Amino acid sequence: MNERLRVLSERLETHRARLSLRVLFTVTATSLTLLPFARFLHSGTDMDYRTWFKAGQTVLQGGEIYPHAQIFSFMYPPTCALLLALPALFGEAALILILSTLNTLAWILCINFSRALLSQTRIENPPTAIANLIVMPFVWSSYHLGQPSLLLLALMLGAFLSLQRERRTLAGILVALAVAIKAFPLLAIFYLVYRRCWTAAISLIIALVILLFLLPIPFRGWPRTVSDVRDWQSGMLRYEDSGIAQRSARGYSWKNQSIFGVANRLLRRVSVDDEPNPAAYANVANLDFKTVNTVIVAIALLLGFSFITAMPSRHLAGDEREFAALLILILVFTPLAFGYLFVWLVFPLATVIKRVLAGNKSSSLVSLLVAVVLLTITAITPRFAQIYGSLLFAALTLYLALAAELRRQRRSVAG
């Protein structure tokens with residue numbers, strides 16, 4: 001299998017193959033950009049774009065982003081709603097076209113940042129090309145639903161590249177922007193603190209304060225700005241036995257592939273469906289909520305310890321394996337991790353593929369194969385596979401390969 005992957009890599013290095021990849025990407029990206037727009041014009045189908053348009057219109061009209069005593073239709077930080085106001089000004093059709101175009105620009109940046117982090121000379125390098133082909137269902141989902149997963153990934157990869165190049169203030173700002181759009185990338189601050197990237201950590205906090213509290217003031221006023229943040233925090237930062245955040249049933253359904261969703265689904269008697277009528281269960285144990293959280297904390301400590309012990313010296317900038325492993329940990333411990341977010345696996349996949357092509361240990365190849373098999377099964381039987389955490393375990397399999405690579409590097413340096 002290793003030899004077949006190497007042959008494929010060599011074929012992708014030819015001039016004809018590189019030209020074909022450019023044409024394929026151009027056609028695919030253009031089609032994905034225009035499809036949500038054309039679909040809306042033809043049938044009015046707008047998926048999550050409807051939510052973004054309503055949030056932007058609410059800001060423009062000075063309304064309540066997070067209505068009291070109601071389930072939030074918009075679950076993202078208030079700054080995200082503010083950013084959506086500009087495209088919403090031009091109507092829903094224009095907003096869809098603008099956001100899908102932004103997705104394409106983010107995808108291009110992801111490819112370029114991945115190439116730079118992997119130290120590849122060409123954009124059409126085999127590891128990145130193969131990884132993008134593997135995650136195409138998640139890329140499609142980002143466009144289809146209108147989710148900002150590619151944009152968030154581009155910001156994180158840009159932050160990692162900035163860290164490598166000692167532009168730490170920029171790194172912190174990029175992470176802060178990602179957090180202002182969707183809160184979970186804030187988990188990266190633990191890495192910055194451990195790595196003693198104080199400039200990046202401080203700039204992240206300062207930029208986040210500006211984005212959350214200062215930027216909205218001219219448009220929302222100080223009292224409403226504070227109220228928006230408070231209402232969002234009280235409504236979204238909730239984790240209870242009945243559910244997560246504003247989506248109580250969905251938080252533990254088969255669609256949530258985070259450690260919180262999978263652990264509660266498999267270790268407690270909670271329904272695997274959004275609307276349990278009738279209820280369906282897949283639990284292999286019947287633990288109480290507190291015990292399940294003890295298991296989650298134990299797993300978090302184990303993975304955190306494995307990451308810390310695998311990393312090289314605390315004072316060195318991380319390489320691509322370290323950043324890829326960090327992306328996976330952030331993804332795993334996001335309270336709500338639905339399928340489209342797993343487009344983030346494109347960089348870990350490219351990193352592992354690069355190590356396999358370099359002739360590294362067969363364990364990397366085994367981990368890659370297991371992850372690809374799990375992703376393939378998910379594509380074939382999405383509900384059944386995700387009930388049992390197929391995407392979570394695919395991510396963890398890649399993480400184990402990356403942690404093993406980091407540990408081998410640390411031993412070789414120490415030796």
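Among the residues making up the stretch 11-50, those that are over 30 Å from Ile98 (Cβ atoms), in contact with a helix residue (DSSP H, G or I) (Cβ under 8 Å, 6 or more places away or on another chain) and either part of a helix (DSSP H, G or I) or modelled with pLDDT of 95 or more (or both) are Arg11, Leu12, Ala17, Arg18. Yes or no: the stretch 100-119 includes at least one residue that is part of a loop (DSSP other than H, G, I, E, B), modelled with pLDDT under 95 and either out of contact with any Phe, Trp or Tyr (no Cβ under 6 Å at 6 or more places or on another chain) or buried (at least 22 other Cβ atoms within 10 Å of the Cβ) (or both). Yes, the stretch 100-119 contains a residue that is part of a loop (DSSP other than H, G, I, E, B), modelled with pLDDT under 95 and either out of contact with any Phe, Trp or Tyr (no Cβ under 6 Å at 6 or more places or on another chain) or buried (at least 22 other Cβ atoms within 10 Å of the Cβ) (or both). Could you please let me know if Thr79 is hydroxyl-bearing (Ser, Thr, Tyr) and either modelled with pLDDT under 95 or under 23 Å from His144 (Cβ atoms) (or both)? Answer is no for this residue.
Any idea which of Ile202, Ile210, Ile181 is surrounded by fewer than 17 Cβ atoms within 10 Å (Cβ to Cβ) and under 21 Å from Ser227 (Cα atoms)? Result: Ile210 is the single residue among Ile202, Ile210, Ile181 that is surrounded by fewer than 17 Cβ atoms within 10 Å (Cβ to Cβ) and under 21 Å from Ser227 (Cα atoms).
Against the test of being closer than 30 Å to Leu368 by Cα, in contact with a Leu (Cβ under 6 Å, 6 or more places away or on another chain) and not hydrophobic (A, V, I, L, M, F, W, C), the options Ser31, Ser9 yield a single qualifying residue, Ser9. Can you go through Gly56, Gly44 and tell me which one is surrounded by 16 or more Cβ atoms within 10 Å (Cβ to Cβ), without any contact (Cβ under 8 Å) to a residue 60 or more places away in the chain and over 30 Å from Ile134 (Cβ atoms)? Just a single option satisfies the conditions, and that option is Gly56.
Note on the stretch 267-292: residues that are in contact with a helix residue (DSSP H, G or I) (Cβ under 6 Å, 6 or more places away or on another chain), crowded, with 17+ Cβ neighbours inside 10 Å and of a type outside the set (Val, Ile, Thr) amount to 3.
The criterion of at least 1 residues that are modelled with pLDDT of 95 or more, within 21 Å of the chain's Cα centre (by Cα) and farther than 16 Å from Cys80 by Cα is met by the following helices (runs of 4 or more DSSP H) wholly inside the stretch 185-261: 188-194, 198-209.
Exactly one residue out of Ala154, Ala106, Ala183, Ala176 is in contact (Cβ under 8 Å) with a residue 12 or more places away in the chain and closer than 17 Å to Ala325 by Cα, and it is Ala154.
When the stretch 331-358 is filtered for residues that are in contact (Cβ under 8 Å) with a residue 40 or more places away in the chain and not in a helix (DSSP H, G or I), the ones remaining, listed by number, are Phe333, Thr334, Pro335, Leu336, Ala337, Phe338. One residue stands out in the stretch 360-385 among those that are touching a helix residue (DSSP H, G or I) at 6+ places or on another chain (Cβ under 8 Å) and not in a helix (DSSP H, G or I): the one that is surrounded by the most Cβ atoms within 10 Å (Cβ to Cβ), namely Asn360.
The values are calculated or read from the model by the stated rules, or taken from the named source; none is laboratory data. Just so it is clear, the structure is predicted and the values come from calculations on it, not from any experiment. Don't worry about glycine lacking a Cβ; one is built from the backbone with ideal geometry, like all the others, and counts go over all protein chains shown.
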